[in-house]
Amino acid sequence: MRTRVLAAVAALALAAGAAAAIDNLKILIPANPGGGWDQTGRQLAAAMQSAKLVGSVQFDNKGGAAGTIGLAQFVNASKGDPNALLVGGMVMVGGIHLNKSPVNLSMVTPIARLTSEYEVIVVPASSPHKTMADLVKAFRDNPGKVSWGGGSAGGTDHILAGLIAKAAGVDPAKVNYVAFKGGGEAIAAIIGGHVTAGISGVGEFAEHIKSGRMRALAVSSPAPIDGIPTLKAQGIDVELGNWRGVFAAPGITREQRDELVKLVKAATETPAWKATLEKLGWTPVFLAGDDFKAFLDQDTQRVASIIDSLGIKK
Amino acid sequence: MRSRRSRQETAFAFAVVALGVGLAIGTALLPSEGGYSGIGPSFMPAMVSAGTIIVGAWLAFEALTGGWRNRSPEDPAARGEHAFLPAAFAWVSAGLLAQMALIGLAGFVLSSALLFACVARGFGSRRALRDAAIGLALALVVYFFFTRALSVNLPAGRLFGG
Amino acid sequence: MAETLAALAHGFGVALAPINLLWGFVGVTLGTAVGVLPGVGPALTIAMLLPLTTKLEPVGAMIMFAGIYYGAMFGGSTTSILLNTPGESATIATTLEGNQMAKRGRAGPALATSAIGSFVAGTLATVALTLLAPQIVELALMFGPAEYFALMVLAFTTVAAVLGGSAARGLTSLSFGLALGLVGIDGQTGQARFAFGVPELLDGIDVVVLAVGLFAVGETLYMAAYTSRMPETLEKLAGSIWMSKRDWARSWKPWLRGTAIGFPFGTIPAGGAEIPTFLSYATERRLARERDEFGKGAIEGVAGPEAANNASSTGALVPLLTLGIPTSATAAIILSAFQQYGISPGPLLFQMQSDLVWGLIASLYIGNVILLILNLPLIGMWVKLLTIPRPLLYAGILVFATLGAYSLHQSAVDLAILYAFGLLGFAMRSFDIPVAPAIIGLILGPLAEVQFRRALAISEGDPTVFFRQPIAATVLAVAAAVVVVPFVLGLARRLKRA
């Protein structure tokens, strides 16, 4: 483990040549402090520093509009800067499409996908729906009667509801989706039985599932989580992870990009990063460089088409 | 001949009506499908624009029938104030606009010091250098509190490579 | 009950350890400092301190966070009262009467009633938290979108009292606020409204920016233009800086009423501490014997909202500790702090981590005391701020005001928005249009809309949902009574006279 890190550092130093590669790394976090992107950025930097991969790290939080404000600044102000990183993820992909943002992720340089948080579908403990099949049946019979509570309209939770509808043979525009701001509001509405079902990241609901106030019906991951069966295993062919990753500035050279990929890869191999994943319940889904770019193109397409089918966008 | 105040009140009232009409135009461009609730994104704007037009009309009615009710005295002296001083207003505005324009280029510290000096000037201070120095000291303290204690970024200024 | 008290006593044992007291002091001091700055609130501060606290014991860290939370509320009130610049959204209501008191040389009593009111409310709310948390949370869970909408209607009708002397102008101001509330992404559909392609507008207008723009920037422009060349005749310190017997007599009931309004609001996720503070303000205005004094510095108008905001922040801990539901931004950050320690709030927390929970609850009591003993002696110092010559004082206010707006998105666009609100505030002031209704419109409008649409979506467009559910129907009936009863009484009186 340690030798691998050292090897990576050595390779990095070699690649960087005489100019000490990254003395001062700048990370733009397109969200306010405290959320998932902020944690991703700061923990990644801490992992880099723990292995002495970088000198100082300067953070810039610029939140708002699903990260598109931060993205716009990054595109405009960091052009060609080989020491700048931007945190982003699937929420940003959706936000760009929904807000008709003038900037998008094809204008920055994809470095690596880092983590994924899978979604869970729950019902209140008092709900008559015992399994995903029950819920889907009720949904097929009368889509309007099944209200789905989750995060912002067009966000990850809404997208998953749309994908489930599609897989169940219901028009995604027929989903009765009730958007809530922030986790607390949605949790209270679900536990209080004010909505039929709820969708959110597994971490957000885990405690309430454990305490028995919510009943978990399915997860959107490829494998079961905490004994909760996957959607796929229950006949709904849907998989969705709220991924997060890092991007570099537009207009950097291929060598500069490869250098950053190496740096980020080395950081993800540190014990500090692994401990972070463990603590926050994030699944590592490392994918770098061109592979990440291909994934990104594909995900952008998928997200755009499902958002369009939700019937919320003009 | 109607008074100056009455003309101002009428103008304000029509500005409020115009705002309401502007809202109505914006509302017309919004989709109104509301899904299951039957209430779309244009419902609330429609209500607000109607309300705004109504209160604007009310203000216009008051202005044209003896002026708005229960106003403070028109004579500044009776309010314990002096006549409108355009220069003072302009200095404060200039400070705010200068900070807006310069914060990226000159950084938070310098642009805030300039704002400080301009506002003080607007309030009649003649000691521009002293004011700028105080503003600079205040801005520096804030800058270091933010960037060091809270690690929240404030612009250092592109002039200085920030 | 006996069990609870024993657990609490144990909690005090944990919290009173000298090192924990030290963290409490650090927290309150830091909280007061950030509370003073508009735009930087307790949520952000705690978020930034999270990485540091992994080195602390959980109890020490939690005590520090509680201190930051309380300190920020008090710091926000200090600038509201002295500088007409609310540092936190929960202290906007305090600005209305607090700054008027300061202008009349009564900044000392205003700050004192705020500090003592916060202490009283914080302590009472903590008692309620200690004894009744599980019961209260079950009640809070019965509130769904229909009930929240009914609450918003009640809030609207209650705060109509702050519309001021002219109904036409009060409603004009309200419609400005409602119009500004439309700006941004519509939560239910993701549709952008009135954002004109400006990304900074997509998340809507921040209420602190509006308040700071209307109050601080608008006021500064007005003062410069109309009073800057007047001799500084206003008595800056009239009478004692301490509360008189009469101030006490006028304050204690608002403290209790503010607590009663603030605490329940804190326990439901219905939009933070702003609503109860305005409700408390409106209540005091209705009940006050010296109603004419409102708008000119009535102490009731400071005592009530200040108690309400503190009680509400304690109320937010009820669903947080018992169910792990965060009802405010700060509560959400505290929740993630719990998670950093591998502690999960919820029903099991009280059993599994009783040291921590009771240590935290004990630290709330202690935090309130620290806040009081730290701040009462400082009032004398704070009040001296007002003796700074006017040019420098207003210059400083604008530096803080712009800083707060800028730090929202790190963008000069927000400075432009702030200046536009300053101009609006100047115009409204020049035309005798009250600014408070605009702020209330901005807070309540979007909340009422979103709850209305959620309730109707769940009922598939059936509007009877608001009358079929007993809680919603009751609240709506109270709202109707608030409007109808004074009207009928007035009519009856007139008929009698005729």
Residue order, fewest to most beta carbons within 10 Å, for A:LEU85, C:LEU321, C:LEU163, B:LEU136: B:LEU136, C:LEU163, C:LEU321, A:LEU85
Sequence-separation-based contact order of chain A, relative, with Cα cut under 8 Å and 6+ spacing, percent: 27 percent
Sequence ranges B:50-60, A:276-286, ranked by mean other-Cβ count within 10 angstrom, highest first: B:50-60, A:276-286
Descending semi-axes in whole angstrom, ellipsoid equivalent of chain A, from the Cα gyration tensor: 37, 21, 16
Kyte-Doolittle mean at least 0.5 and Cα axial length at least 30 Å: DSSP H helices in chain B: B:4-28, B:43-64
By average C-beta atoms within 10 angstrom, highest first, the peptides C:62-70, A:259-267: C:62-70, A:259-267
Order of A:ARG213, B:ARG158 - criterion: other Cβ atoms within 10 Å of each residue's Cβ, fewest first: B:ARG158, A:ARG213
Kirkwood-Stokes translational diffusion coefficient of the protein assembly as shown, alpha-carbon pairs, 20 °C, 1.002 mPa s, µm²/s: 73 µm²/s
Cα shape, segment C:2-497, gyration tensor, a/c 1.5 rule: rounded
Spherically averaged projected area in nm², based on the convex hull that wraps the Cα atoms of segment B:4-79: 6.3 nm²
Sorted largest first, extent of segment C:370-493 alpha carbons per principal axis (Å): 58, 44, 43
Among C:ALA167, A:LEU98, B:LEU85 the positive-end extreme of the charge dipole of the protein assembly as shown (Cβ point charges): B:LEU85
Segment A:117-234: mean projected area of Cα convex hull, nm²: 6.2 nm²
Ranking of B:VAL17, C:VAL357, C:VAL483 by count of other Cβ atoms within 10 Å, fewest first: C:VAL483, B:VAL17, C:VAL357
Sites A:VAL285 and B:SER72, calculated FRET efficiency, Cβ-Cβ separation with R0 51 Å, nearest 0.05: 0.20
Gain on full stretching of the segment that runs from B:ARG79 to B:THR65 - 0.36 nm per residue minus C-alpha separation: 2.7 nm
Pairs of Lys in chain C closer than 18 Å at Cα, counting only those 8 or more apart or on different chains: 6
Segment C:133-255, Cα convex hull volume normalised per residue, Å³: 239 Å³
Neighbourhood net charge (15 Å Cβ-Cβ; Lys/Arg +1, Asp/Glu -1) for C:GLN353: -2
Average beta-carbon neighbours from other chains, 10 Å sphere, peptide C:133-146: 3
Per-residue mean of C-beta atoms belonging to partner chains within 10 Å, peptide B:28-35: 6
Of the DSSP H helices in chain C, those whose Cα atoms cover at least 24 Å axially and whose Kyte score averages 1.6 or more: C:354-375
Within the protein assembly as shown: Cβ-based charge dipole about Cα centre, in debye rounded to nearest 20 (Lys, Arg +1; Asp, Glu -1): 2000 debye
Inter-chain shielding of A:105-115 (mean C-beta neighbours from other protein chains, 10 Å cut-off): 0
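Values quoted throughout were computed directly from the atomic coordinates according to the rules given, and no laboratory measurement underlies them. Here the structure is a predicted model, which is why all the values come from computation and not from measurement. Methodologically, a virtual Cβ is constructed for each residue, glycine included, from the backbone with ideal geometry; neighbour enumeration extends over all protein chains shown.
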